[in-house]
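All remarks here apply to the structure that follows.
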Amino acid sequence: MTSEAVARKLEYLNRCLKEGPLQGVEDPEVWELLDFLNADMAATIDEAHALTSHMVRFIETFIRVKKHLAPDQDTALVEVGHLSLLARFMKNCGYNVTPCLGDFRYKLEGAPETADVLFAFEVFEHVKDQDSTFISDIDIFNFSGINRFLQECRRLLKRDGTLVITTPNICSLHSLVNLVEYKNPLTFYPHVKEYSPQDVIDLCARNGMRLVKFEAFFAYYYLGGDRQKAMEQYILKPGFAAENRGDCSFFIFCRDDAPQA
């Protein structure tokens, strides 16, 4: 990572951690999470890896989980895959957090209807199609893997449970800047596929999930005040919306047979 890139990342972290999600936050657990993540970064030898960690995303996600779901220590929290730093922090704080392993394209471990809250943090963009020898499946993206993944998520959720998804937002300002600069709009390689918010909502609806909450925030690439305003004006001028143009999408879904609020 070049010194210029490091400087940009430090500027970004300072903005997000001092002026963004922590601004006005009085929840002591949020500050404890910051200390936990700082300790993990300090233990990382590779400076470039540390600076490009998911630090801001964990903080932003934790704030939203507490705000919208308010889990307590009796809530059955399950994370798809190995426990992330955020889940490990919550477990250290006494929350009931367990991992759920398995091939995301086929079957997840765990008994049906056992999760009050199921976390799928940055999983969506990594799920490939299921193996197939049909030429029509080989030469197009057929969504067989992500559809089965969502079916498994629904199976694990209690009837009144919730699914929390975070995934890169292909409609972000960062992706638009990449396109304008003749680059691929992906947030990161080697993601299999990055989705628009509507893609995620539609896929979940097809697999028995109903949207409860969606918003996007900046987790990885903050453009800087002037550049962000310029890009927002760029898309507003022809009449397009500038809302939810952050590079990380945050969703809460419930099962389609869950009681209506």
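Rundown of residues vs (1) at pLDDT 90 or above; (2) crowded, with 16+ Cβ neighbours inside 10 Å, yes/no style:
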residue	(1), (2)
Glu4	no, no
Lys9	no, yes
Glu19	no, no
Trp31	no, no
His49	no, no
His54	no, yes
Phe58	yes, yes
Val65	yes, yes
Gly81	yes, yes
Open item on the list: Tell me whether region 197-212 contains one or more residues that are touching a Pro at 6+ places or on another chain (Cβ under 6 Å) and either touching a residue at least 60 places away in the same chain (Cβ under 8 Å) or not polar (S, T, N, Q) (or both).
Closed with: no
Task: Residue in region 104-115 that is farthest from Asp199 (Cα to Cα), counting only those that are buried (at least 18 other Cβ atoms within 10 Å of the Cβ) and in contact with a strand residue (DSSP E or B) (Cβ under 6 Å, 6 or more places away or on another chain) - done: Gly110
Open item on the list: With the structure loaded, tell me whether Arg245 is charged (D, E, K, R), at pLDDT below 90 and either touching a strand residue (DSSP E or B) at 6+ places or on another chain (Cβ under 9 Å) or more than 30 Å from Cys153 (Cβ to Cβ) (or both) or whether it fails that test.
Closed with: no
Open item on the list: Kindly evaluate Leu101 against the criterion of being surrounded by fewer than 22 Cβ atoms within 10 Å (Cβ to Cβ), modelled with pLDDT of 95 or more and either over 19 Å from Cys248 (Cβ atoms) or of a type outside the set (Val, Ile, Thr) (or both).
Closed with: yes
Open item on the list: Of all residues being assigned to a loop (DSSP other than H, G, I, E, B) and among the hydroxyl-bearing types (Ser, Thr, Tyr) in region 173-203, which is modelled with the highest pLDDT? Just the residue, please.
Closed with: Ser196
- [ ] Considering each residue of region 104-163, count those that are touching a Ser or Thr at 6+ places or on another chain (Cβ under 8 Å), closer than 15 Å to Ala76 by Cα and basic (Lys, Arg), and give that number.
- [x] 1
TODO: Select, from Ile146, Ile165, Ile170, the only residue that is at pLDDT 90 or above, under 18 Å from the mean Cα position of the chain (by Cα) and under 16 Å from Gly102 (Cα atoms).
DONE: Ile146
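Sort out which residues of region 204-261 are in a helix (DSSP H, G or I) and β-branched (Val, Ile, Thr), and write them in order of number. Outline the logic, then answer.
Start the filter on region 204-261 by keeping residues that are in a helix (DSSP H, G or I), which leaves 204-206, 225-236.
Of everything in region 204-261, just one residue is in a helix (DSSP H, G or I) and β-branched (Val, Ile, Thr), namely Ile235.
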Task: Top-ranked residue in region 176-209 [being of a type in the set (A, V, I, L, M) and under 15 Å from Glu125 (Cα atoms); ranked as surrounded by the fewest Cβ atoms within 10 Å (Cβ to Cβ)] - done: Val192
Task: Residue satisfying condition, being crowded, with 20+ Cβ neighbours inside 10 Å and small (Gly, Ala, Ser), within set Ala230, Ala216 - done: Ala216
Task: Pick from region 114-135, criterion among the acidic types (Asp, Glu) and not in a loop (DSSP other than H, G, I, E, B), ranking: farthest from Val164 (Cα to Cα) - done: Glu125
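The values are calculated or read from the model by the stated rules, or taken from the named source; none is laboratory data. Remember, it's a predicted structure, so these values are computed and weren't measured experimentally. Every residue, glycine among them, receives a Cβ derived from its backbone with ideal geometry; neighbour counts consider all protein chains shown.
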